[in-house]
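Everything on this sheet refers to the single structure shown next.
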């Protein structure tokens with residue numbers, strides 16, 4: 001008969017070798033891919049999907065787990081973590097289709113296999129698109145406004161692709177492009193913006209992602225229906241903090257009126273600046289970044305390029321992020337040079353606790369490469385587990401443009417915040433102190449997983465932290481308090497735009513995943529237009545942060561019906577940070593409490609209980625509105 005030991009512990013022990021190989025393979029496929037990795041992935045992804053189905057659709061195995069579940073009230077001596085593990089397994093089996101008829105299970109298997117193939121194809125297409133849509137410029141005058149460093153990086157990018165005497169503007173994963181900030185030439189801006197926004201629409205015989213999007217949305221809806229849910233969103237959100245699509249929609253929609261108003265007031269200031277410049281006509285999406293930066297500079301007397309020299313990459317990492325983590329949690333990061341890495345720019349660190357004991361390994365891969373997918377992420381090569389005697393091995397990956405040989409890597413405030421954010425995920429993995437690998441580290445609901453990462457962002461602009469890392473890379477002089485305060489106030493200027501582009505993308509995601517199985521959506525762009533208009537976020541100068549054809553989070557990144565989670569988590573993060581500030585801010589005592597109640601617990605305790613353990617109450621939305629400059 002089934003027991004905790006002979007069923008759940010055995011499940012936890014099984015497959016560990018595969019888990020290790022898999023996590024390394026998939027990180028390489030995202031961070032450092034090549035043709036052979038891509039073709040291997042096309043073969044192996046459907047096999048792994050089938051392997052997972054072989055476990056979770058196994059009737060004998062489910063019978064054992066179900067018996068334990070039905071008798072759970074008798075196991076009074078089980079720990080909270082053991083109870084959580086049982087719940088996790090039981091729900092995973094049921095949500096995979098373990099209770100379905102053989103015929104339904106057969107269809108589920110074939111859907112899963114097809115979806116894994118489509119997802120892999122979408123990811124590979126996106127990488128190829130990032131290359132295909134780069135903008136090549138012959139005449140340097142068209143790049144007026146770019147800094148020396150930006151120009152030499154663009155020249156280097158061109159020569160890396162054998163385009164001598166040219167400049168290459170590479171596009172990033174979002175609709176808006178950071179380089180638009182610098183470009184004076186309106187035609188060049190338009191070219192770059194259109195290269196980004198029309199990605200994946202099959203223009204001029206290029207890559208067309210539309211059939212993949214329609215097919216994935218349809219398959220997900222069909223699978224949800226077979227499992228007894230009205231939509232993919234209903235299935236996905238059932239075990240999240242939001243618990244149903246209605247709650248997620250409500251949170252997003254409640255913000256729309258205030259955010260639209262803020263974006264429109266920003267737009268009118270930007271339009272005035274364009275009029276003063278004698279630019280004819282209405283504000284267009286490709287004008288926003290450039291003129292918003294102009295307005296910001298005039299209104300707050302700040303220029304992003306004046307701050308960058310104070311944010312040198314290594315300083316930000318060691319004297320910024322590591323300094324903060326040392327102050328809060330007593331940990332040290334000690335660099336190593338003897339470990340194998342997949343690219344010479346990847347760095348490795350031992351992570352040591354206050355008592356000198358090693359708690360894990362940290363890998364950092366920060367530079368943009370042609371064979372790396374866009375964005376920034378944290379991953380675990382090995383999850384912590386006392387049962388398996390495993391220490392965690394985690395990695396942070398970013399896409400910071402690589403400067404010309406010999407130049408320092410100077411970061412924007414945005415990159416600085418991202419570095420703090422990703423190491424927030426990092427410590428969630430590194431500080432994990434649980435028994436079972438299934439519950440380790442970041443194995444929590446998606447609308448909670450972004451909480452520790454977002455919480456750590458705000459330390460980037462904490463006075464004591466800034467004093468430690470924000471120093472001029474040549475002279476070592478500290479960043480003037482006044483300049484920084486101006487840029488923090490100025491950074492709230494564009495918050496209406498930033499929040500609106502995010503809301504539009506999050507509503508797009510929930511919209512795609514709320515369609516019923518028989519909806520028969522045939523036209524991606526028409527569906528997108530109708531949806532944005534229905535939710536009142538169809539404001540032309542501010543397109544969604546991602547449009548459907550290149551929305552990697554939801555079609556290949558595991559965030560389907562989950563992009564709302566960033567804002568949901570930000571409510572927790574803003575509330576927790578404000579609470580910690582009231583308790584004295586950057587202190588070891590505050591850090592210990594956050595580590596003990598949140599960062600070390602993984603999924604071993606229900607997440608709202610974790611939050612209440614730390615905060616003493618449920619979160620309020622007020623701190624978020626202040627953080628986003630909406631209040």
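Results, tabulated for the structure shown:
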quantity	calculated
Part-to-part distance (alpha-carbon centres) for region 565-616 and region 129-152, which is given in Å	43
Mean shadow area of region 462-584 over all directions, Cα convex hull, nm²	11.2
Debye equation applied to the C-alpha atoms of region 212-352, log10 I(q)/I(0) at 0.15, 0.21 Å⁻¹	-0.97, -1.11
For region 96-252, the fraction of alpha-carbon pairs in successive 10 Å shells from zero, as %	9, 27, 24, 18, 15, 7, 1
Highest to lowest packing among 545-558, 5-18, 462-475, scored as the average C-beta count within 10 Å	545-558, 462-475, 5-18
Region 309-491: Cα Rg divided by the 2.2 N^0.38 Å rule of thumb	1.04
Quotient of Cα Rg and 2.2 N^0.38 Å for region 133-205, N being how many residues it contains	1.06
Mean projection area, nm², convex hull over Cα of region 4-111	8.2
Rounded tilt (10° steps) of 59-70 against the dominant C-alpha axis of the chain	90
Packing-based exposure ordering (other Cβ within 10 Å, fewest first) of 196, 110	110, 196
Shape of region 512-596, Cα gyration tensor, a/c cut at 1.5	prolate
Helix 210-226 vs. the chain, principal-axis angle (Cα, 0 to 90°, nearest 10)	30
Distance between region 16-39 and region 349-405 - C-alpha centres, whole angstrom	15
Ellipticity estimate at 222 nm from DSSP helix runs (n ≥ 4, -39,500 (n - 2.57)) divided over the chain, nearest 500	-16500 deg cm²/dmol
Relative contact order of region 4-111, pairs being alpha-carbon contacts under 8 Å that are 6 or more residues apart, as %	30
Size of region 218-265 as Cα extents on the principal axes (Å, biggest first)	47, 23, 11
Ranked packing of 208-216, 45-53, most packed first, by mean Cβ within 10 Å	208-216, 45-53
Share antiparallel - DSSP beta bridges, region 309-491, percent rounded to 5	75
Backbone N under 15 Å from the residue 140 label point (7 Å along Cα→Cβ), restricted to region 156-171	156-159, 164-168
Mean separation of Cα contacts under 8 Å (6+ apart) over length of the chain, as relative contact order %	17
Mean separation of Cα contacts under 8 Å (6+ apart) over length of region 309-491, as relative contact order %	24
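Laboratory data are not the source of any read-out in this text; all were calculated from the coordinates shown. Computed from a predicted model, the values in this text were never measured in an experiment. Backbone-built Cβ (ideal geometry, glycine too); neighbour counts: all protein chains shown.
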